[in-house]
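Here's the structure, in structure tokens; my notes come after.
The values are calculated or read from the model by the stated rules, or taken from the named source; none is laboratory data. Nothing here was measured: the structure is a model prediction, and the numbers come from that model. FYI the Cβ positions are ideal-geometry reconstructions off the backbone, even for glycines, and counts take in every protein chain you see. Accessible surface areas use protein heavy atoms only, side chains included; no ligands, DNA or RNA. Shrake-Rupley method; radii C 1.70, N 1.55, O 1.52, S 1.80 Å.
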Amino acid sequence: MASEDTIKLLRECNAGVKMGVSSIDEVLDQVQNDDFRALLTECKEKHETLGNETREMLNSYQDSGKEPNPVAKSMSWVKTHLKTAVEPGDDTIADLITDGCNMGVKSLHRYLNQYTNAQPQVQSIAKRLISLETQLTENVAQYL
């Protein structure tokens, strides 16, 4: 049986992946630059791969996982739709993606520090997700 820290960290990673995919989906059809759209699509696919990995692990522990915080998800949706309505453009989308990635990285670091007894394999997933979010932030900077 997995430790409580392992399952909790895995749940947070899974919820973070879902939030990332949802956020990219919200803006993808508004992206004008083809290279930017391809970058976001590729990152979404990488998130989905990590999501599948976390879901499989959670299933192996007979755990259904966790949905993203509904308040955070709602606030993200409102912010995204208001900002893109007032200031449409790739720079606004890049700004929103950057903010989301920064919040995700911050949360994941907090969870890694909180769930120190999680299995190394799950800690590695969290670190890969942090790396993915950090890289996306760097890649979208050119569109700000």
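Filtering the range 9-25 to residues that are under 19 Å from residue 93 (Cα atoms), over 8 Å from the mean Cα position of the chain (by Cα) and among the charged types (D, E, K, R) leaves only 25.
Of the residues making up the range 113-120, none is in contact with an Asp or Glu (Cβ under 9 Å, 6 or more places away or on another chain) and closer than 18 Å to residue 21 by Cβ. All conditions in (1) assigned to a loop (DSSP other than H, G, I, E, B); (2) open to solvent by 50 Å² or more (accessible area, probe 1.4 Å) hold for residue 31, with the sole exception of (2).
Cβ-Cβ contacts under 6 Å between residues 6 or more apart (or on different chains), taken from a first residue in the range 43-60 that is under 16 Å from residue 5 (Cα atoms) to a second residue that is modelled with pLDDT under 95 and surrounded by 13 or more Cβ atoms within 10 Å (Cβ to Cβ), are listed as 58/65. Restricted to the range 81-112, and to residues there that are more than 13 Å from the chain's Cα centre (by Cα) and polar (S, T, N, Q), the residue that is surrounded by the most Cβ atoms within 10 Å (Cβ to Cβ) is 92. Per the conditions (1) in contact with a Phe, Trp or Tyr (Cβ under 7 Å, 6 or more places away or on another chain); (2) under 15 Å from residue 126 (Cβ atoms); (3) open to solvent by 70 Å² or more (accessible area, probe 1.4 Å), the sole criterion not satisfied by residue 7 is (3). Take the conditions within 25 Å of residue 114 (Cα to Cα) and of a type outside the set (Asp, Glu) and apply them to residue 43. Does it pass? For residue 43, the condition - within 25 Å of residue 114 (Cα to Cα) and of a type outside the set (Asp, Glu) - is not met.
Among the residues here, residue 126 qualifies as within 22 Å of residue 3 (Cα to Cα) and in contact with a Leu (Cβ under 6 Å, 6 or more places away or on another chain). In summary, helices (runs of 4 or more DSSP H) completely within the range 57-144 and bearing 2 or more residues that are within 24 Å of residue 32 (Cα to Cα) and basic (Lys, Arg) occur at 70-86. Taking the conditions exactly as written (part of a helix (DSSP H, G or I) and open to solvent by 40 Å² or more (accessible area, probe 1.4 Å)), does residue 47 satisfy them or not? So residue 47 does not fit the description; no.
With the requirement that a residue be aliphatic (A, V, I, L, M) and farther than 18 Å from residue 132 by Cβ, what does the range 37-84 give you? Result: 58, 71, 72, 75, 78, 82.
Tally the residues that are open to solvent by 70 Å² or more (accessible area, probe 1.4 Å), more than 18 Å from the chain's Cα centre (by Cα) and at negative phi, restricting the search to the range 61-80. So the answer is 1. Residue 131: at pLDDT 95 or above and under 12 Å from the mean Cα position of the chain (by Cα), yes or no? When the stated conditions are applied, residue 131 passes them. For residues that are touching a His at 6+ places or on another chain (Cβ under 9 Å) and not basic (Lys, Arg), scanning just the range 17-53, find the one that is farthest from residue 65 (Cα to Cα). That would be 26.
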